[in-house]
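Derivation of every value follows stated rules applied to the coordinates shown; laboratory data play no part. It should be emphasised that the depicted structure is a prediction, and the values quoted were computed from it without experimental measurement. Backbone-built Cβ (ideal geometry, glycine too); neighbour counts: all protein chains shown.
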Amino acid sequence: MNFSSQTAGTMNKSVFLAYSKKKDPLTQKTMERTIPFPGWSFQWRGMEKLPFLKKILKSASLSHSFSGNENTTWSERKNNITSLKIDKNFRPLIGLNFTTRNDISGNMQFNMTESITDRNSGKSKQTSQTLTVTAKYSKRGGIKLPFMKGKKLDNNIDVSLNFNLNNNASYQSRVGDKFDKVSSTDNWTLKPNLSYTFSRTVTGGVYFEFGKRKDLRAGDSQITAFGINANISLAGN
C-alpha cells in the first residue's frame, strides 16, 4: 500500500514592482524586486479656480491611480516557487476632465500597465500604454418657420472628436535574463462625429475615422472609415 501527499498553495499581496541587478544564485537570472505597498488614488477637483484657468474653464479635475499585485504559487514548501506573476497598473497615470466656458467638454486619460510572469519554462512580460482624448460640444436651438406662426423645428447638433493611441508588446526571456520582443502593435485613430436632430422625427449623423496600425508580425496598415445615417419616423402620435 502506497501513500502520497502533496502540499501546494498561493500567496497574494499588494506590492510595487521595482528592478534589481541582483541575480538568483541558482538560475543566474536578474531578480524582480517588489516592495510591499498599498494601492493609491487621488483626485484634484477645483482646478478651474487657478488664476490662469478660471477665465477659460468652467470645471476641471485631475486624477491618478495605482494598483500593484504579486501572486506566487508554491509546491511542497513556500520557498519552492513554481510560478510568479507581478502586475503594475497606473489607471490612469494621469487623467483630466474639463468643461470650458463655452460648454465644450473634454476628457484625457493615459494608462500604463506592466505584467511579468516567471515559470520554470521561462519568463514573459507584457506592457501596454493607452492614450484616449475626447471632446464634445452640443448646440441646442430651433428654427422658426416664417410661414407657420408660432411653430419651429428642433435643430440640435452634437459634435465630438475622439483620439486613441495604443501600444501593446509581449516579451520572452529564453536565454539568461534578456527579454526579446515577440509581438507588438502600435495604432492610432482619429474620429470626428456629427449627429443632429432636425425636428422630432428626423435624426441623422456623419462620421469619418482614419488612423494607422503597425504590427511587428503583420506590418503596417491604414485605417479609414466613413459613414452617414439618417432616420425618419413616419409614426404619428
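The table below gives the values:
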{"quantity": "Among 82-89, 113-120, 44-51, the order from most to least packed when residues are scored by Cβ within 10 Å on average", "calculated": "82-89, 113-120, 44-51"}
{"quantity": "Residue-wise HN-Hα coupling along the stretch 9-16, computed from phi with Karplus coefficients 6.51, -1.76, 1.60 (Hz; x: Gly, Pro)", "calculated": "x, 10, 10, 9, 8, 8, 9, 10"}
{"quantity": "Two-site label geometry, Thr185 and Val133: point separation in nm, points 7 Å out along Cα→Cβ", "calculated": "2.3"}
{"quantity": "Rounded to the nearest 20 debye, dipole of the stretch 8-232 from Cβ charges on Lys, Arg, Asp, Glu", "calculated": "640"}
{"quantity": "Length added when fully stretched, Leu50-Phe210, from 0.36 nm per residue minus Cα-Cα", "calculated": "54.0 nm"}
